[in-house]
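Chemist: The structure under discussion is supplied below as structure tokens; questions concerning it will follow.
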Amino acid sequence: MSDPLVLAADVETELVERKSRFLTRLYRVQGVEQADALLRSARTQHPDARHHCTALVLRETAERAEMHRSNDDGEPSGTAGMPMLQSLLHARLVDTFAIVIRYFGGVKLGAGGLVRAYTAGVEQAVAAASLRRRTELVVARIEVPPAEVGIAENAVRLWAAAHDASVEPTQYSSRSALLTVLVAPEDLEELAADTARWSSGRRTVEEAGRRTVDVPL
């Protein structure tokens, strides 16, 4: 399964369909409470809008199951919230809250027209958004004596730059220095081989767990 995507920043776009204005907002959220607060704010900012339709996708965590929610907010059932939700799911977005604020233009769109408009609104916002890929990386650690820190840091940073890995600040103790690299699981063996090469077999890579991170596309 492909890694899910998340928003790097909130985004707002506008679509006009037969005189109706559809303002679409996509927010990165952590829970239902945050989404509810954003909806209240949107209603306050746009009190004259006819509808404030929503869709929410939250990823599974240790505290909750994956969550999908949608609301038509007075539009005919299934013509707004569900198409919005399907657009988020099709885009593989998680931890995302979508609001489409509709100002009615006086021309009825019909059920099919509403589905197309709300779908297009979210798709347009997704296309305009800056996205990140959420993935799980290995926390790899290399312990070296203080005298080897310069050589080790240079070698690790060169390797990381070539493999889109991330190097964290070196941690020091009285006896050694600890280098930490966040690396894709499939690259861990190559990191170990490279470490053995530049250290002439004296240093090894230890796996210290996994970490979920958001990386550029």
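The values are calculated or read from the model by the stated rules, or taken from the named source; none is laboratory data. Bear in mind that the values here come from a model prediction, so they are computed numbers and not experimental data. Counting neighbours? That spans all protein chains shown, and the Cβs are built from the backbone with ideal geometry, glycine included. Quick note on the areas: whole protein, heavy atoms, side chains included, nothing else; ligands and nucleic acids left out. Shrake-Rupley method; radii C 1.70, N 1.55, O 1.52, S 1.80 Å.
Chemist: Quick one: in the stretch 97-127, which of the residues that are β-branched (Val, Ile, Thr) and in a helix (DSSP H, G or I) is least open to solvent (accessible area, probe 1.4 Å)?
Modeler: Val122
Chemist: Return the residues of the stretch 73-84 that are of a type in the set (Asp, Glu) and open to solvent by less than 30 Å² (accessible area, probe 1.4 Å); say none if nothing qualifies.
Modeler: Hit for the stretch 73-84 is Glu75, nothing else.
Chemist: List, please: which pairs have Cβ atoms under 8 Å, are six or more places apart or on different chains, and start with a residue in the stretch 186-212 that is part of a helix (DSSP H, G or I) and end with one that is of a type in the set (Ser, Thr, Tyr) and open to solvent by 50 Å² or more (accessible area, probe 1.4 Å)?
Modeler: Partner pairs satisfying both residue conditions: Ala192/Thr204; Thr195/Thr204; Ala196/Thr204.
Chemist: Does the stretch 26-67 hold any residues that are among the β-branched types (Val, Ile, Thr), in a loop (DSSP other than H, G, I, E, B) and without any contact (Cβ under 8 Å) to a residue 24 or more places away in the chain, and which are they?
Modeler: Thr61
Chemist: Further question: Has the stretch 85-96 got at least one residue that is assigned to a strand (DSSP E or B), in contact with a helix residue (DSSP H, G or I) (Cβ under 7 Å, 6 or more places away or on another chain) and open to solvent by 30 Å² or more (accessible area, probe 1.4 Å)?
Modeler: No, there is no match, as no residue in the stretch 85-96 is assigned to a strand (DSSP E or B), in contact with a helix residue (DSSP H, G or I) (Cβ under 7 Å, 6 or more places away or on another chain) and open to solvent by 30 Å² or more (accessible area, probe 1.4 Å).
Chemist: From the list Leu26, Leu38, Leu5, Leu15, exactly one residue is of a type in the set (A, V, I, L, M), farther than 19 Å from His90 by Cβ and either surrounded by 14 or more Cβ atoms within 10 Å (Cβ to Cβ) or modelled with pLDDT under 95 (or both). Which is it?
Modeler: Leu38 is the lone residue from the list that is of a type in the set (A, V, I, L, M), farther than 19 Å from His90 by Cβ and either surrounded by 14 or more Cβ atoms within 10 Å (Cβ to Cβ) or modelled with pLDDT under 95 (or both).
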